[in-house]
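Worksheet for the structure shown next.
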Amino acid sequence: SESSCLSIVVLGASGDLAKKKTFPALFHLFQQGFLQSGEVHIFGYARSKISDEGLRERIRGYLKGASDEHVSEFLQLVTYVSGSYDSGEGFELLNNAISEHETSKNNTAGSSRRLFYLALPPSVYPSVCKMIRSYCMNPSSHAGWTRVIVEKPFGKDLDSAKELSAQLGQLFNEKQLYRIDHYLGKELVQNLLVLRFANRLFLPLWNRDNIDNVQIVFREDIGTEGRGGYFDQYGIIRDIIQNHLLQVFCLVAMEKPVSLKPEHIRDEKVKVLQSVIPIKHDEVVLGQYDGYKDDSTVPDDSNTPTFASLVLRVHNERWDGVPFILKAGKALNSRKAEIRVQFKDSPGDIFKCKTQGRNELVIRLQPSESMYMKLTVKKPGLEMATEQSELDLSYGLRYREVKIPEAYERLILDTIRGDQQHFVRRDELKAAWEIFTPLLHDIDDGKVKSLPYTPGTRGPPEADELSKRMGYMQTYGY
Ligand code: BG6
């Protein structure tokens, strides 16, 4: 039918992100019936001079868990256009290919839907967006749409981010731009609003009177293998904390939105970000793992942190005095991302059980999605003794039949549907950079040093000391 013709263009089609994330996500959407053979076409675009088959072969190995037949059916929807990122020729070819597809689907009224996914380094965003704007827009001004997905890093600090935003803002309006942060596509991140605002249990407890401290932690057990060149320019704060962990922080700390409308949710995120006070140097621990500089693309005197633990403080009625510890590191002892909300001790304790630990709500984003609440219980048996145990919701057990979707899958579907809730708005991005830019500049100027740590450990011991100083009481299982 006229309105259902959809063209998806993956720019940077032969690159890593496209192969590992974008195409597999498109494939999963296809498998689940969200992309119909009759209406969708996928265009790969990149500089390499390869054929349609050449691209298909590159992608095939990443499409797992399906029959060859299904994979081939999907790959038939994919064709390739080769061209540069800054000249009109390639984009004219691309536009011709898209128009041809639309015509073949009788989409003559021009109500085409065109989705551009920039799986590219941000340095080429401005020129690529200019080309899309000049050559590849949906020709109709009243039907269909053109949408563009961009990936972080959106700049390196406040000024460069503002400049990039201004450049893209001249070409596309906010409704057309989808700034992806794939953490917003994770199941347990999406559950945060429900957990907080649909459960009476948490509503009265979620504040400074009851919560002692919050930790949001990302660990990876691999280093920067193969990405040293990129990573050294950015470091762990720009790579993980300023975006992924900060988005999680927003959902944990923000006020209740007026409704579930994307703008209402994003308004609250901006508000809480604006309430964060400047980060203090003595509440920051940076680390760099031994061996990081062995990478030939990393300079010998690099101070770039591969680990950071830092404290955010929210200046408002709900959170005054509660430290939010955001911690991320590469080459650590495990791969894990979780939120830990630690409650205060119960007053007037008659069980003398304080040393066993506090109530703590743990939300594990990955791996093995789960939520558990640590409680003190009577140790089963004849004696009146207490111990810590937990109320445990492990998704693998409780939702055995459900396949949890990949983050990219969900976010691409949101883009097709025009739902911007899980994408970063321009003012949100600015507020995020405002928080981190002073610290990042001090790190770049060598005013805050990265401490060495051994790969495969918890990071510099100073980080655990910082958490302890912030009131975190380490208990079992951590
Ligand atoms: C990316 C970072 O945004 O997120 C990588 O650039 C990191 O350095 C990755 O490895 C982690 O994503 P996930 O989904 O595996 O936690």
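Values in this text are rule-based calculations from the coordinates and carry no lab data. What you are looking at is a predicted structure, and each value in this text was computed from that prediction instead of being measured. Here the Cβ is made from the backbone with ideal geometry for all residues, glycine too, and neighbour counts use every protein chain on show.
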Size of electric dipole in segment 285-403: Cβ of Lys, Arg +1 and of Asp, Glu -1, about Cα centre, debye, nearest 20: 460 debye
In sequence order, calculated HN-Hα J values of segment 415-429 (Karplus, 6.51, -1.76, 1.60; Hz; x Gly/Pro): 5, 4, 7, x, 9, 9, 3, 9, 10, 8, 7, 4, 6, 5, 4
Residues Ile404, Ile59, Ile435, Ile50, sorted so that the one with the fewest Cβ neighbours within 10 Å comes first: Ile404, Ile50, Ile435, Ile59
Scaled radius of gyration (Cα, divided by 2.2 N^0.38 Å) that segment 19-172 gives: 1.09
Under Karplus coefficients 6.51, -1.76 and 1.60, residue-wise ³J(HN,Hα) of segment 233-248 in Hz, glycine/proline x: 6, 10, x, 5, 5, 6, 6, 10, 6, 5, 10, 4, 6, 5, 5, 5
Amide H partners (placed H, <5 Å) of Val40, local residues excluded: Leu6
Span per principal axis, largest first, for the Cα atoms of the chain (Å): 77, 51, 42
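Counting other beta carbons within 10 Å of each Cβ, put Phe351, Phe30, Phe116 in order, fewest first.
Phe351, Phe30, Phe116
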Cα gyration tensor shape of segment 378-478, rounded if a/c is under 1.5, else prolate or oblate by comparing a/b with b/c: oblate
Sorted by Cβ density within 10 Å, fewest first, the residues Arg318, Arg425, Arg266: Arg318, Arg425, Arg266
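Which of the GluC sites (Glu not before Pro) found in segment 235-321 are in a DSSP loop and have at most 10 neighbouring Cβ atoms, other than their own, within 10 Å?
Sites meeting the loop and neighbour criteria: Glu317.
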Per DSSP, loop trypsin sites (Lys or Arg not before Pro) in segment 171-242 with at most 13 further Cβ within 10 Å: Lys175, Arg200
Other-chain or far-sequence residues with amide H under 5 Å of Val9's (modelled H): Phe43, Leu115, Phe116, Tyr117
Mean-position separation - Cα centroids, segment 1-70 and segment 408-478, in angstrom: 32 Å
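Tell me the GluC sites (Glu not before Pro) within segment 375-478 that lie in a loop according to DSSP and have at most 15 other beta-carbon atoms within 10 Å.
The qualifying sites are Glu383, Glu401.
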Computed [θ] at 222 nm, deg cm²/dmol, the chain (DSSP H ≥ 4; -39,500 (n - 2.57); rounded to nearest 500): -9500 deg cm²/dmol
Distance between segment 311-357 and segment 185-226 - C-alpha centres, whole angstrom: 11 Å
Geometric extent, Cα atoms of segment 155-287 - Rg, Dmax (angstrom): 17.1, 48
FRET E, pair Glu401, Lys447, Förster distance 51 Å, beta-carbon r, rounded to 0.05: 0.45
³J(HN,Hα), Karplus 6.51/-1.76/1.60, whole Hz, each residue of segment 280-290, x for Gly, Pro: 8, 4, 7, 10, 9, 10, 10, x, 9, 6, 4
